[in-house]
Amino acid sequence: MPFSKIIRASALAASLFGVLAADAAPLRPNWSIDPAKTNIGFSIDAVGWPRTVGKFGQFDGKLAVDLDHPAKSQIKFRVQANSVNAGSDGLNEFVRSTALLNADQFPTIDFVSTSVEKTSDRSVRVVGDLTLLGVTRPLTVDVDINKKSDGARARLGFTVNTKIDRLDYGMTSGYPIISRDVFLTISTEALEQ
Amino acid sequence: MKPAEDGRRWSPATIALHWLSALTIISLLALGLIMTHAITDTAQRFDLYQVHKSLGFVALFLLACRVAARMISRTPTAFSVIAWERRAATAMHGALYLFTFVATISGWVTASATIIPVPIQFFRLFTIPNIVASNPALEKQASLVHTVATWSIIVLVAVHVLAALKHHLVDRDDTLRRMIPDGSLAR
């Protein structure tokens, strides 16, 4: 067999293997998060206090989006707990402390999708696992999708509004003065690779 | 004869401690009212609470110094010849010391007993230990005592200032002047 044929055959085998492997592999990201257009915010109430609003500055997201078959899409999101910003150094230090995020021991907050279901032309329901303080619990979120284009590349805007019960993750400090419900507002834009 | 020893003037240490305490207590009262009633941003309010706690320990330290200074230095003779005024002045000073003590200790108990475990950090330099364990019922009681003591101090300070002004402007005696550093005495 000529050398060029061997190369071509190898390439075909590799691409076939790639397709098969894609089915088995958990994630093959084809969209990347645009950090400049991503906001991971939270808010929480406490008795006698104004609503506390904050956000996380460091995160990483991997998206495998299949627009034709949304169920095949996968999402992985990782947030650095230390990057929390609640408005002042003193309050940030408290939120990062063992009382709440315990960021030294649990440096990341992770979400990994387990299934994606199309609910309308502009929304999907994502079921996944959220790991916070080392505790993994299922979380279902409704995601609004906004297809855009900046001319050269396709963009997908995602918006999520949900809430979690922090007690489920063992974050019991300050309860019931500090509410158990933590509201999450996540908006992000992904660029096609 | 040194001014402090002439029996008419407070000692320099007492004068310095008086004005430092006045500044600290008025700052504490203002901060307390502002942080609980005027600030609508959590982070700002959180930061002001930490400053308020730190200043509370400054007030407690100054109070201990003042009591010590009162014990080791002579109290100048009162100007008033009216017995009830002399008694009222003594009672006023005692009440100010007492309520400052109650307000600072009840604040410390409140900050310690709360179930929100924010450590008491003295101006973010070092941590001051909690005086009691977390206890919501105790926090409520201590907070009430703190509020009552605080409003009592506000009333007492107002009366104290008005009395000093009355001595200065109406009686025209040296009651106020002798608490001013290097203030010349009229008689």
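Between the chain alone and the structure with every protein chain in place, find the residues of region B:112-135 that drop at least 30 Å² of accessible area; heavy atoms, 1.4 Å probe.
At a threshold of 30 Å² (probe 1.4 Å), the residues of region B:112-135 that become less exposed are B:ILE115, B:ILE116, B:PRO117, B:ARG124.
Quick check on the protein assembly as shown: helices-only [θ] at 222 nm, where DSSP H runs of length 4 and up contribute -39,500 (n - 2.57) each and the sum goes over total residues. Nearest 500, please. All intermediate terms of the calculation are to be shown ahead of the outcome.
Numbers: 6 runs with 148 residues, N = 380.
Estimated from H runs of four or more residues: -14000 deg cm²/dmol.
So for B:TRP19, B:TRP84, what's the accessible-area order with a 1.4 Å probe, most first? Don't jump to the answer; show the numbers that get you there.
On the way: B:TRP19 110, B:TRP84 155 Å².
Final ranking, largest accessible area leading: B:TRP84, B:TRP19.
Kindly give the semi-axes, whole Å and largest first, of the ellipsoid equivalent to region B:36-109, taking each as the square root of 5 times a Cα gyration tensor eigenvalue. The partial results should precede the final answer.
Values: eigenvalues 235, 46, 18 Å².
Here the semi-axes work out to 34, 15, 9 Å.
GNM on chain B, C-alpha springs below 10 Å: top fluctuator among B:ARG66, B:ARG172, B:ARG74?
Of B:ARG66, B:ARG172, B:ARG74, the most mobile in the Gaussian network model is B:ARG172.
Only Cα pairs under 8 Å and at least 6 apart count here; give the relative contact order of region A:2-192 as a rounded whole percent.
On the way: 389 pairs, mean separation 40.0, N = 191.
Relative contact order comes out at 21 percent.
7 Å from Cα along Cα→Cβ at both B:LEU125 and B:TYR97: what's the point-to-point distance in nm?
Placing both labels 7 Å beyond Cα along the Cβ direction yields 2.6 nm.
Go through region A:64-77 residue by residue and turn each phi into a ³J(HN,Hα) via Karplus (6.51, -1.76, 1.60, θ = phi - 60°); whole Hz please, and just put x for glycine and proline.
Working through the residues one at a time gives 10, 9, 10, 5, 7, 10, x, 4, 8, 6, 9, 9, 10, 9 Hz.
In what sequence, largest accessible area first, do B:HIS146, B:HIS18, B:HIS37 appear using a 1.4 Å probe? Mind dumping the intermediate values first?
Details: B:HIS146 50, B:HIS18 30, B:HIS37 150 Å².
I get B:HIS37, B:HIS146, B:HIS18, largest accessible area first.
Return the sequence-ordered ³J(HN,Hα) values of region A:106-121 in whole Hz as given by the Karplus equation 6.51 cos²θ - 1.76 cosθ + 1.60 applied to θ = phi - 60°, using x for Gly and Pro.
Values, residue by residue: 10, x, 10, 10, 10, 10, 10, 6, 10, 7, 10, 10, 6, 10, 6, 5 Hz.
To the nearest 10 square angstrom, what accessible area does B:ASP41 show with a 1.4 Å probe?
The accessible area of B:ASP41 comes to roughly 70 Å².
Within region A:128-150, what residues put their amide N at less than 19 Å from the label point 7 Å along the Cα-to-Cβ vector of A:GLN58?
Residues passing the 19 Å test: A:131-134.
Note the buried accessible area between A and B here, summed over both chains, with a 1.4 Å probe, in Å² to the nearest 100. Present the calculation step by step, with values, prior to reporting the outcome.
Numbers: alone 11580 and 11500 Å², together 21660 Å².
It comes to approximately 1400 Å² buried between A and B.
Enter the accessible area per residue of chain B (Å², integer; probe 1.4 Å; all protein chains in place). Mind dumping the intermediate values first?
On the way: 10760 Å² over 187 residues.
Heavy-atom SASA per residue in chain B reads 58 Å².
Pairs A:LYS55/B:LYS53; A:LYS37/B:LYS53; A:LYS37/A:LYS72; B:LYS53/B:LYS166; A:LYS163/B:LYS53: which are spaced more than 29 Å apart, C-alpha to C-alpha?
Working: A:LYS55/B:LYS53 27 Å; A:LYS37/B:LYS53 40 Å; A:LYS37/A:LYS72 25 Å; B:LYS53/B:LYS166 34 Å; A:LYS163/B:LYS53 33 Å.
Exceeds cut-off: A:LYS37/B:LYS53; B:LYS53/B:LYS166; A:LYS163/B:LYS53.
Can you send over the carbon and sulfur percentage of the accessible area for the protein assembly as shown, probe radius 1.4 Å, protein chains only? Intermediate values should be presented prior to the final figure.
Details: 13590 of 21660 Å².
So the carbon and sulfur contribution to the accessible surface is 63 percent.
Find out how many positive minus negative residues lie around B:ALA59, taking Lys and Arg as positive, Asp and Glu as negative, among other residues whose Cβ is under 13 Å from that of B:ALA59.
+2
Please report the spacing between the Cα centers of region A:39-109 and region A:141-193 in Å, no decimals.
If you average the Cα positions of each part, the centres end up 9 Å apart.
Connecting C-alpha atoms closer than 10 Å in a GNM of chain B, tell me which of B:PRO76, B:PRO117, B:PRO12 has the biggest fluctuation.
B:PRO117
Percent relative contact order of chain B, based on C-alpha pairs within less than 8 angstrom and at least six residues apart? Walk me through the numbers on the way to the answer.
On the way: 185 pairs, mean separation 43.1, N = 187.
RCO, chain B: 23 percent.
Would you please give the residues with an amide H less than 5 Å from that of A:TRP31, counting only those at least 5 places away or on a separate chain, with H modeled from the backbone geometry?
Correct list: A:LEU63, A:VAL65, A:GLN193.
With a 1.4 Å probe and all protein chains in place, put B:SER143, A:SER73 in order of accessible area, largest first.
Details: B:SER143 50, A:SER73 15 Å².
The residues order as B:SER143, A:SER73, largest area first.
Roughly how many Å² of B:VAL132 are accessible to a 1.4 Å probe, to the nearest 10?
50
The values are calculated or read from the model by the stated rules, or taken from the named source; none is laboratory data. Remember, it's a predicted structure, so these values are computed and weren't measured experimentally. As a convention, Cβ positions derive from the backbone with ideal geometry for all residues, glycine included, and neighbour counts pool all protein chains shown. To get the accessible areas, we keep the full protein, side chains included, count just its heavy atoms, and leave off ligands, DNA and RNA. Shrake-Rupley method; radii C 1.70, N 1.55, O 1.52, S 1.80 Å.
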